[in-house]
Every structure is written in C-alpha cells, then in structure tokens.
1. Considering the zone a paramagnetic label at residue 407 would reach in this model (a point 7 Å from Cα along the Cα-to-Cβ line), which residues of segment 425-447 have amide N under 19 Å from it?
2. Please compute the length gained on full extension between residue 245 and residue 275, using 0.36 nm multiplied by the number of residues separating them and subtracting their Cα-Cα distance.
3. For segment 514-655, calculate the relative contact order in percent as a whole number, restricting contacts to Cα pairs under 8 Å that are 6 or more residues apart.
4. Quote the FRET efficiency, to the nearest 0.05, computed for residue 212 versus residue 260 with a Förster distance R0 of 22 Å and r equal to the Cβ-Cβ distance.
5. Could you tell me the extents of segment 514-655's C-alpha atoms along the three principal axes, largest first, rounded to whole Å?
6. So, R0 is 56 Å and r is the distance between the beta-carbons of residue 203 and residue 627; what FRET efficiency does that work out to, to 0.05?
7. Using packing as a proxy for protection, rank 227-235, 274-282 so that the peptide with the highest average count of other Cβ atoms within 10 Å comes first.
8. Could you order the peptides 237-246, 448-457, 420-429 from most to least packed, using the average number of other C-beta atoms within 10 Å per residue?
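Just so it is clear, none of the values below were taken in a lab; they were calculated from the coordinates. The structure displayed is predicted, hence computed values, not measured ones. Ideal geometry is used to build each Cβ from the backbone, glycine not excepted, and the neighbour counts take in all protein chains shown.
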C-alpha cells in the first residue's frame, strides 16, 4: 500500500476519490491503493428497506461509512492529518435527550481517543510505542437501548489498584507546591483552576478509593487522579536536583504506571460513562481529559496532546455548550481548554494542506469576495468541529464594530475566539493574567495563515476575488495587532515614567511593574513577530526591533519574579518567537539563556524542544550566510521555524 501511495498522502488520495466520485461517469475509480465500489443504489435501498422493518428506524440514521472511518483513525500517521478525523459525521452520532442510547456515539469518543494514544516506554525524545487497538473499535456501529454487556464490567474502580503506588500523597503535594506554578503562563495571585478543580477532585478521589471505602468511583475521577500523578512524577524525573528520597529511575517507572492507568480510565469513562446509569458529570470528564492533556504537553507527546484536544472539543460541544446555563467551574475548564488549544494551534503547521485542495478550489471558483467564508474548508460532514482551517464572517468584521462587546450568548460559545470582540465576562485575566483580545488575535492569525497555506497548496490558480478577500483580512488583522500592541507599550512606558518619578529611582525597572506587566509586553511584541512571520513572511532583519523588545521584557520579567519571590519560569512562547528571528549573536545568546534557565527550572519538554529548534534554525541560516556565492545567498529564502517544523513533522507545544 505504501508503494502504491508513492509520495501522495492518504488524505490527498481519499480527497481525490471523493471529488471524482461526484462526477457523472464515475465507474472504476482508483487512486493508489484505494478504490470506489459502484453499488446499484436502488438495489441497496430496497435491500435496506427489507432488513430494517422494526422500530429502530432506517439504517440511514447513522453514517454508513462509520466503521471504515474509524479504521482510518486507528492508523494516523505522524502528522495526525485532520482530514481523516473530520470525515466523521458527529452530529448524527450525538446522544440527545429525545433519541435512544446510541453506542456508536460512545465508540466515537473512545476510538478517537485511542487513535493517537501510545503506551510510554521511556522518557526523553522517544515518547511512545504503539498501543494495540481495542477490539471494540473493530465492531460495527449498532443501535441499542441499554448499556452494552462488555461495558458493564468497566463500572467502578477498586482501591486495590493504588497499592503499588506508595507516593500518592507526596506526588499530589509536589503537584500543588511546584508543578502548578511552572505550568502557568504567568504567576497570578488568585488560586489556579488546576488547584480549584483538578487537584481538589484528585484528593476527593483518593479519599474515596482508600479510607472512605467507596466501591463505585467513576473512571473519570480516577483518570484525573492518575493524570496529575503522572505530571508530578514526570516533573520529579526531569529535575534530578529536586530533593527526593527516590531515584530518577523510580520516578520514571511511576510515570509509566500512572500515565498508563490514566489513559485506561479515560478510555473506560468515554466508553461507559457518557450515558446511562453510570453517566459521569460533564465537568469530571472534561477535567480528566485536561489532566491527560497537561501530561502530554509537559512530556512532549504530540500525538497524545492532539487526541486530547480533539476529545475535549467533542465533549465540550456535545455536553458543555449544549447546557442552557454554564456554571463557573465549567467555564474555568473551558478557559483552560481555550488557552491550550489556541496557543497550541499557533505552532501546529503540519496539516496536510494539499488534502484541502479540492475544497479550496470550490471556494476559488466562486470568485466573489463577498462569499469567501471558508468555514467549510475542512473535509467531512461536521462543520462544528474546528480544525483551524476556516474563516468565519462575523458582524464584528467591520472596523466600526470592533470595539463593541460580545453578548453573553456569543461570548460563552466562542471557545476558539473567532470573534474579534471581547467578552466582558471572560476570566482569562484572572486565570492567566492575559486579556482575551491577545488570545483572539493569535487565533485569527493562525486561521488566516492556515487558509493561506491551503490556498497555496491548491493546484488551481487562485481567483482574484479570493486573493482580495484574504488580503483584506490580513490588512485588517495587521491593524488590529499593531494597534493592540502599541497601546500596551504606551501604557507600559507611562508606568515606567511614573514609577521612576514617584520613587526617585534612575533604574529602568520601577516598583509598580509586575511580572505580568512585563510578560504581557513580551507577548505583545511576540504577537507582532508571529503575524509578520506567518502572514507576511518578511525577512527576519525587519523584525529585529521587536526581538529587542521581547528580550528586554523577559529580562525585566525575571527581575520582577525575584523581587516578588515568585517561581516562574513563565510561558516560553515569546522567547521562541523572538529567538527564531534573532540575527545577532548577542540577541541569540540572551534568548537561549532565558530558555535554558526555564528548562533547568521546570524540566518541561517544551523548553528543550524550543532550544533544539532554535539552534537548528540558526545553523541553517548561518550556513546560507556563509555561502561563498552571493547569488545563492540572494536567491535563497531565509529558513523559518515553520520550515523546520514541517520538515521534521514536529509540533512544538508551547502552551
């Protein structure tokens, strides 16, 4: 099959088959190892009528291609191509209050989770080896009105499974005292949602499984507990300098045990606790998914993190946003998901853009700038799931309405911040110390860049209407980003001046500036760099002033941490964006030192990966600059982190 595919991806082949199957003369369609059977539709319909004569309803109520689609999910390649994922018709598989229980919907969550989950064998650069696909994923989707028999054995978590772990209390305390602070993008004064929700739930679960003698602990609760234990154990294994009575090898083995248990319990929860008498609370399941997502991010497992994000969005849309009233705790979880998803998507550049070619061509054919809403540029039937390869038209796209606030309905449901307006009741400032506008601008920049890359990958000549629409989007987004960044810098400059005048200090750093103020300065300058790299793709020399701003802000951020006795290290996103554009050796050294310090302080995998990618990018650029032929230097486009990421099929997770 690989030989038949050649250099073409699975996505591209299936997309071509899909496009050709809609042609009038579509007999004997074959692309690579794939083909289309030309069934007689009338005979098939008659046959289905004869078979389905009971009250269960016609076979058309469920997607007929579900089994084969799930099969494709079991074999995702390293790029985790989303086109396969979006062939699933999620809307037809939802569990509703009116409809009877559909086991296929639970299989849908469960199988997509297994699609990218791999059992960890060792720490470091070789994250995981393959996990055997569960037998349930091979079964056809069927309708039933009761819990399937095999799932009844999944109910309840025995306390005996905790016996091999003798460090549970120490691990939970370490998570509270050290891991939470180092997972935070910014040091905040209020309690972290990780402590309010995840840690509190883990402590209650531990109590229930041990001295309270509970026999029916939900798998969602157990998954969250083991996920936090895995995060804490990984942190200890990655930081040998931390005083501990256990060896690094012991913590590595604990990571293997706890991460495996966390995945098993989450799989069982998505199987058995979505519906029926053993149904888990929505926030408990989302808490569990976010716990495993955090472990995947800090340990550098991009496949695990990707699948967690997919499952989190499905669960959020299926159970969370469907509620008439969304509680504060649920909103806290939604905000965590939004931060991780948007910041994570900003560096996810390994989409198979060519597989979107036929759909981009369809938009291209319209040639009307008024109809360039690319909300359907992803493949598949379910437009609700978001692959960040679409642009939606909003009323707020008018410059006159950009300052208007979102209403409550839009604000609560805009989980990926596609709308430029700010929701007055958002909690990003309380949780992360970052305004919603910054996240929204990152989200919109990522979307526009992805759509532009998909258009470039299209084999058809781009229409003028589409080009004009994308250029208009880019110009408007550029104005918004530069205006937002300049306002923040002006406010900071005023604070610096007032602080120096009030205290009589000559120091550049006044008492009034907090670590959050400085990191926000760095994030805003890095946002400008991010836009000009992904949308305009300018020469790095143009960005050196913004690189200087990031370096200065990060240095003052560290100074503020010391003054206030805070741990840090803070988010690595601005240091990476600036580091990849730094040209002078002094600038590179300053940013590399900052990242190395963060790596030694936290042990998070993202710092190590960022350092390696920056060093590789600098090496390639220096080789071009050192080339003897001036013609070669002038003709060679400077390397970017986007190029290196795609070449290595690497998703750098900086969230």
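1. Taking a point 7 Å out along Cα→Cβ of residue 407, the residues of segment 425-447 whose backbone N falls under 19 Å are 425-426.
2. Value of the extension gain: 6.4 nm.
3. Reported relative contact order: 23 percent.
4. In this case the efficiency is close to 0.30.
5. Principal-axis extents of the Cα atoms in segment 514-655, largest first: 53, 28, 26 Å.
6. Approximately 0.40, to the nearest 0.05.
7. 227-235, 274-282
8. Put in order of decreasing packing, that is 448-457, 420-429, 237-246.
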